[in-house]
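Shown next, in structure tokens, is the structure this report addresses.
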Amino acid sequence: AVKALCLGADAVAFGTSIIIAGGCIACMQCHVGQCVTGIATQDPAHEQRYRVDIEAHNIHRFLESVRWQIAALTQALGYDDVGDLNRDELVALTPEAAAITGLALAPVATSSTGAAAAARMAP
């Protein structure tokens, strides 16, 4: 999400990850109404398996975790607001990624530095 925001996205979506956080086991039965967890079904027996109170709490915990991680990365980059993130905080790790994104190619890391540290030291 942070990478997308740095690249200029106005928003990011968490559709599949929220469904998984809410108890989906990806059984691929949504379209036939036989979701064994009770999320995507009209079958009363399957619906009874879904605990809305528990899964709502799990979704809340997931979203709070995402919020915290985005805030931590934003602050680690020296910003107070996620809206201030920009592509200057990113480097491409391969020539192909640099060509596609228009980002600077990260300097080659040495044994004493990682790629992120080497990128920060570049002029």
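Laboratory data are not the source of any read-out in this text; all were calculated from the coordinates shown. Keep in mind that this is a model prediction, so the values were computed, not measured. Positions of Cβ are generated from backbone atoms using ideal geometry, with glycine treated the same way; all protein chains shown enter the neighbour counts.
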**Q.** C-alpha long axis of helix 52-76 to longest principal axis of the chain, angle in °
**A.** 0 degrees
Q. For the charge dipole of the chain, defined by +1 on Lys and Arg C-beta atoms and -1 on Asp and Glu C-beta atoms about the Cα centroid, which residue among ASN58, LEU93, GLY38 has the Cα displaced farthest towards the positive pole?
A. LEU93
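Give me the number: length gained by fully extending VAL52 to ASP81, i.e. 0.36 nm times residue separation minus the C-alpha to C-alpha distance, one decimal in nm.
7.1 nm
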Q.
What distance in nm lies between label points placed 7 Å from Cα along the C-beta direction at ASP10 and ALA72?
A. 3.0 nm
Q) With charges set only on the Cβ (+1 for Lys and Arg, -1 for Asp and Glu), what does the dipole of the stretch 2-87 come to about its Cα centre, in debye to the nearest 20? A) 240 debye
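Can you compute the FRET efficiency between GLU64 and VAL108 using 1/(1 + (r/R0)^6), with r the Cβ-Cβ distance and R0 = 41 Å? Round to the nearest 0.05.
The computed FRET efficiency comes out at 0.60.
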Q: Scan [x] 13, 43, 38, 5, 0; [y] 12, 28, 24, 19, 14, 4, 0; [z] 12, 39, 34, 13, 1 for the value of P(r) over Cα pairs in 10 Å bins from 0, in percent calculated from this model and give just the label.
A: [y]
